[in-house]
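What follows is a set of notes on a single structure, which appears directly below.
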Amino acid sequence: MTIEKFSYDNRIVKNFALATIIWGIVGMLMGLIIALQIPFPGLNIGEYLTFGRVRPVHTNAIIFAFVGNGIFMGLYYSLQRLCKARMFSDGLSKFHFWGWQSIIVLAALTLLTGHSTGKEYAELEWPIDILIAVVWVVFAINMFGTIIKRRERHMYVAIWFYIATVVTVAVLHIVNSIEIPVNILKSYSAYAGVQDALVQWWYGHNAVAFFLTTPYLGLMYYFVPKAANRPVYSYRLSIIHFWALIFLYIWAGPHHLLYSSLPDWAQSLGTVFSIMLLAPSWGGMINGLLTLRGAWDRVREDVVLKFMVVAITAYGMSTFEGPMLSLKSVNAISHFTDWTIAHVHIGGMGWNGMLTFGILYWLIPRLYKTNLYSAKLASFHFWIATLGILFYAVPMYWAGFTQSLMWKEFTADGILKYPNFLETVTQIMPMYKLRALGGLMFLTGAITMAYNLVKTMKQGTLNAEEAAEAPALEKNEKEHAGHWHRWIERRPVQMIILSAVVILIGGVVEFIPTFLVQSNIPTIASVKPYTPLELQGRDIYVREGCYTCHSQMVRPFRSETERYGEYSKAGEFIYDHPFQWGSKRTGPDLHRLGGKYPNVWHYHHMIDPTIMSPGSIMPSYAFMSENDLDITSTPAKIRAMQTLGVPYPEGYDAKANDDLMKQAQSIADDLKNNKVSIDSKKELIAMIAYLQRLGIDIKASKTE
C-alpha cells in the first residue's frame, strides 16, 4: 500500500468564507431596505432605489451571493477531505471564485440600473447568463476532476447531493435562460405566456430545490456529524432521501401556478408530486436530527450545534409547509399573500442562514488554528437571529391570513366588503413594521458574527496548505460484497448520468404536452400583438419590477372576478415575452386595468400615487415624465418579436416608430385636454399606453 502525501487548499475555502460573510450582510441590508420601503414609502429614493429595483437585488444577493458562496465554501472544504485529494486545479478554483464575484457585482449594477428580464430569480440579462454558464462549467470540471482523482473509493452521501446540484442547476439555467437578444443589455424570453410561466416556475421552484436545498443537505451530511462527532444516523435513509428527493422535486413547479391559466393536468401533476415530497424531505430532516442522538447535552453548550439544530428544524418546517401550500384548498388562501413570504423566509433565514452561520463558526477557527474569539458573541448571535426569524415570520403569517380573508369577504348582500384594495394594505402596516424589526435583528446578528470571525482570524494564522496523507486508490482493487448502492458510490460517471436521467424525467413529461399539444394553449382571435408604444411601455414596466407587487392573473374565484373582472384565459398571453403573472400582491391585480381609468388618472397616479389613492405605498415614478423614451431600440425589438413568432407585418420594423409617435401624440393630446402638459416622447406616455392595453382584447371581443 502506497501512502501519498499532499495538501488541502484552504485558501480557496477562506476566500469563499469571506465572500459569504460580506455578501450575506449586503443581501440582508437590501432586504431590510425593501422591508422598510413598504410601511415607509418615502424610502423609495429616486430612480435607482425603488422597491421594484432593490427587491431583485435582495433576492439575487441572498440566493446566489450569500448562499452561493456558502455552498462553495462548504463544498471546497468537505470535498477535498471526503475525496482525500486536493482540488483538481488551483487555477480553476481561482477562476471560479473571481468569476462568481464578478457575476454578483454585475448583477447588482444591472438590476439597480433597470436591466432585468423580469423573470423571478432569473432577472439577469443574457451576457451575464452566459458568464454564469461558463463559471458553472469551470466549477463542474474542478469538482468532477477532484472526484475522479480521489483516494477514497466510496463517495460519501454529501458528494451525491453535490453531483445532483451541479448537474441540475446547469439544466435549469440553460433551459430557462433561452432568450432572444435585442441589444447587449436587453433580451426577450424565448417562451411566451403559459409556456413561459411553466418554464419559469419549473426553474424557480427547482432553484429552491437544487440551489437552496440539495447542496445544503450535502453540507448538513458533512458538517453536522463533524460538529457533533457522531456518525450519520442512517445510511439507508440517506439513500432513500437522495434518490426520492431529486426525482420528485423536479415535478413540483406547477404548484406555483394553481388556479392560473396553466392547464389543469399540469397543475394537478405539480400538486401530487409536491405532496409526495413530504416523505423524502422529512426523511432528511429526521436523519439530520437523529445524527445528534447522544449529543443533546452538548447542544445546550455548543453554539455551533444550536445553529444547526434550528437550521434542520426550519428545513423540516418549510418542507412540511411547502406540500401543504400546494394543496388547492390551502393555495386558494395563501397565494399572492404574505403567507408565501413567511414560508420562503423560514427556509431562507432558518435553513440556509442558520446552517451557514453554524458552518462558519465551526470552520473559521479550524482554518486559522485557533479558538473562536468570543463564545458569548456567538451565543448572542444565535438568540437574536432566532428571535429575528420569529419577528419576521409570525407577522407575515398574520398578514397573509388577514389579506386573504379581507380579499374574499362579502357582505350579507353579496357584495365585496372591502372593494378598495388599499383597505387590505393599510390594515397590515403594523405587521410590515414588525417584519422590518425582525430583519434588523437578523442583520444585527450577522454583523456581530462578522466582527467575531474577523477577530478570530486576527488571533490565528491561516493554515493555507494543510498537510495530509492517504493511501493511493488502487484501480483494480477487488470489489467486496455489500449494500447494492455501494456499486454506484464507486462510479462517479455513472452517478452523474443516472442523476441527470432522474431529474430530466419530470421536466420532459411536463414540457412536451405543454409545448407540442396546441389545445393546451388555445388562441383567441381578438388578442393582437402589442403596438410599438405598448411594447416599449411593457419593457419599462418590466424594468421597474412592477411584477414584484402586482399580478396579471385574475383567478376563477368570485371574489376576484367581482373585484377585477373576467378571469384570465391562456390565449391572452401568447405575445407576452416574458409572462407577467406575478407571485405577490402588494398592490391590486392589473390584468383588467385597461380602460378602467382615463389617461390623466394614470399620469397623476404615476407622478404621485397618493393623489389618486390616499394612503398608497406605491413609489413615485415621476422620473418617467422627465426621461425620454429610447425609440432607437424599437426596430430591433420588433425584429426580435418577429423571430419569436409574433405576427408583425414583414418590414414593420422600418415604420414601427411612425405608429409609435402617432399613438404617443394621441395620449399626450388627451392629457393636454385634461390640463396636463407632457412631451409625447417621455417614458410615462409609453407606460400609460401599456397600462391602458391590459385586458382589453377580451373586452373588445365581447362588444364585436
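Here, each number is a calculation from the coordinates, and none is a lab measurement. This one's a predicted model, so the numbers in the text were calculated from it and none came from an experiment. Here the Cβ positions follow ideal geometry from the backbone for every residue, glycine too, while neighbour counts run over all protein chains shown.
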At q = 0.15, 0.21 Å⁻¹, what is the base-10 log of I(q)/I(0) for the range 9-155 according to the Debye formula with one equal point scatterer per Cα and no solvent? Please give it to two decimals. -0.77, -1.21
Using a Förster radius of 60 Å, what is the FRET efficiency between LEU473 and PHE557 based on their Cβ-Cβ separation? Nearest 0.05, please. 0.50
In nanometres, what is the gap between the two model label sites at ALA412 and ARG491, each 7 Å from Cα along Cα-to-Cβ? 7.4
If each DSSP helix of 4+ residues adds -39,500 (n - 2.57) and the sum is divided by the residues in the chain, what number results at 222 nm, nearest 500 deg cm²/dmol? -20000 deg cm²/dmol
Rounded Å value of the spacing that divides the Cα centres of the range 421-496 and the range 1-79: 12
Work out the length of the dipole vector of the chain about its Cα centre, built from +1 on the beta-carbon of each Lys and Arg and -1 on the beta-carbon of each Asp and Glu, and round it to the nearest 20 debye. 2200
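Based on the mean of other beta carbon atoms within 10 Å per residue, what is the order of 419-429, 437-447, most packed first?
437-447, 419-429
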Tally Lys and Arg at +1 and Asp and Glu at -1 over the other residues with C-beta under 14 Å from the C-beta of GLU423: what net charge comes out? +3
Relative contact order for the chain, counting Cα pairs under 8 Å that sit 6 or more residues apart, in percent: 18
Students often get this wrong: which residues of the range 256-288 have the backbone nitrogen under 20 Å from the point 7 angstrom along Cα-to-C-beta of ARG236? 279-288
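Please give me the summed charge of the neighbours of ILE678: other residues whose Cβ is under 15 Å from its Cβ, Lys and Arg +1, Asp and Glu -1. Mind dumping the intermediate values first?
Working: positive: LYS672, LYS675, LYS681, LYS682; negative: ASP608, GLU626, ASP628, ASP669, ASP670, ASP679, GLU683.
After counting each charged neighbour, the total is -3.
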The range 512-595: which chymotrypsin sites (Phe, Trp or Tyr not before Pro) are DSSP loop and have at most 15 other beta-carbon atoms within 10 angstrom? PHE557
Which entries of LYS306/LYS458; LYS417/LYS584; LYS226/LYS433; LYS119/LYS417; LYS94/LYS475; LYS433/LYS682 have Cα-Cα distances beyond 28 Å here? LYS226/LYS433; LYS119/LYS417; LYS94/LYS475; LYS433/LYS682
Would you mind getting me the FRET efficiency between LEU405 and TRP601? Use the beta-carbon distance for r and R0 = 22 Å, nearest 0.05. 0.15
Post the alpha-carbon centroid distance, the range 207-237 to the range 109-185, in whole angstrom. 21
With each pseudo-label sitting 7 Å past Cα toward Cβ, what's the VAL330-LEU290 distance in nm, one decimal? 2.3
Sequence ranges 106-117, 461-472, 20-31, 595-606, ranked by mean other-Cβ count within 10 angstrom, highest first: 20-31, 106-117, 595-606, 461-472
Between ARG151 and SER677, 0.36 nm times their residue separation minus their Cα-Cα distance comes to what? 181.9 nm
Using Cα-Cα distances under 8 Å and only pairs 6 or more residues apart, what relative contact order does the range 532-703 have, in percent? 33
Nearest 0.05, what FRET efficiency do LYS662 and ARG300 give at R0 = 56 Å with Cβ-Cβ as r? 0.15
Of the convex hull drawn through the C-alpha atoms of the range 1-55, the volume per residue in Å³ is 108
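Give a quick list of GluC sites (Glu not before Pro) in the range 478-570 that DSSP marks as loop, anything other than H, G, I, E or B, with at most 12 other Cβ atoms within 10 Å.
Answer in residue order: GLU479.
Which of the three applies to the chain, rounded, prolate or oblate, going by the alpha-carbon gyration tensor with a ≥ b ≥ c and a/c under 1.5 meaning rounded?
Prolate, because a/c is 1.5 or more and a/b exceeds b/c.
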Using 0.36 nm per residue, how much length does the chain from ALA464 to LEU504 gain when fully extended, once their Cα-Cα distance is taken away? 10.4 nm
Take the alpha carbon gyration tensor of the range 532-703, find the square roots of its eigenvalues, order them as a ≥ b ≥ c, and report rounded if a/c is under 1.5; if not, report prolate when a/b exceeds b/c, else oblate. oblate
Pull out a ≥ b ≥ c, the square roots of the eigenvalues of the alpha-carbon gyration tensor of the range 454-533, then state rounded if a/c is under 1.5, prolate if not and a/b is larger than b/c, and oblate in the remaining case. oblate
Full-extension gain in nm, ASP264 to SER526, via 0.36 nm per residue minus C-alpha separation: 92.0 nm
